[in-house]
Amino acid sequence: MKIQILGTGCPKCKKLTEHAEAAAKALQLDFELEKITDISQIISFGVMTTPALVVDGEVKLLGMVPSVEELKKMLSA
């Protein structure tokens with residue numbers, strides 16, 4: 001599973017990265033975590049609001065930082 005965090009490095013982006021990593025580890029997923037901070041790359045996903053979470057190339061959420069529990073539900077679906 002490829003998890004990408006789109007954002008410029010703001011506190012919300014960092015928190016989403018922490019929560020996504022914790023959720024994936026708690027589910028014992030085989031995952032790769034990538035942070036994308038380049039604006040042109042972020043826009044290429046069609047994202048205008050950060051932070052954003054992309055899982056296997058699909059944008060899953062924009063502009064919010066869900067809890068680890070919420071992310072676990074999202075990643076296991």
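The numbers here are math on the coordinates, done by the rules we state, and not lab data. Note that the coordinates shown come from a computational prediction; the quantities given were computed from them, not determined experimentally. Here Cβ is always computed from backbone atoms with ideal geometry, including for glycine, and neighbour counts include all displayed protein chains.
Things worth noting here:
- What the Cα atoms of region 2-76 give is an Rg and a Dmax of 11.2, 32 Å.
- The DSSP beta bridges internal to the chain are antiparallel in roughly 60% of cases.
- In the chain, the DSSP-assigned H stretches of four residues or longer account for a calculated mean residue ellipticity at 222 nm of -12000 deg cm²/dmol, using -39500 (n - 2.57) per stretch and the full residue count as denominator.
- Relative contact order of the chain, pairs being alpha-carbon contacts under 8 Å that are 6 or more residues apart, as %: 42 percent
- Helix 11-26 vs. the chain, principal-axis angle (Cα, 0 to 90°, nearest 10): 30 degrees
- Net charge contributed by nearby residues that have their C-beta within less than 13 Å of residue 74 (K/R +1, D/E -1): -1
- A crude spin-label estimate for the pair residue 22 and residue 76, with each label 7 Å from Cα along the Cβ direction, gives 1.6 nm.
- J(HN,Hα) series, region 37-43, from Karplus relation 6.51 cos²θ - 1.76 cosθ + 1.60, nearest Hz, glycine and proline x: 10, 6, 4, 5, 5, 4, 5
- Summed residue charge, Cβ within 9 Å of residue 7's Cβ, Lys/Arg positive, Asp/Glu negative: +3
- Relative packing of peptides 36-43, 64-71, 19-26 - highest average C-beta neighbours within 10 Å first: 19-26, 64-71, 36-43
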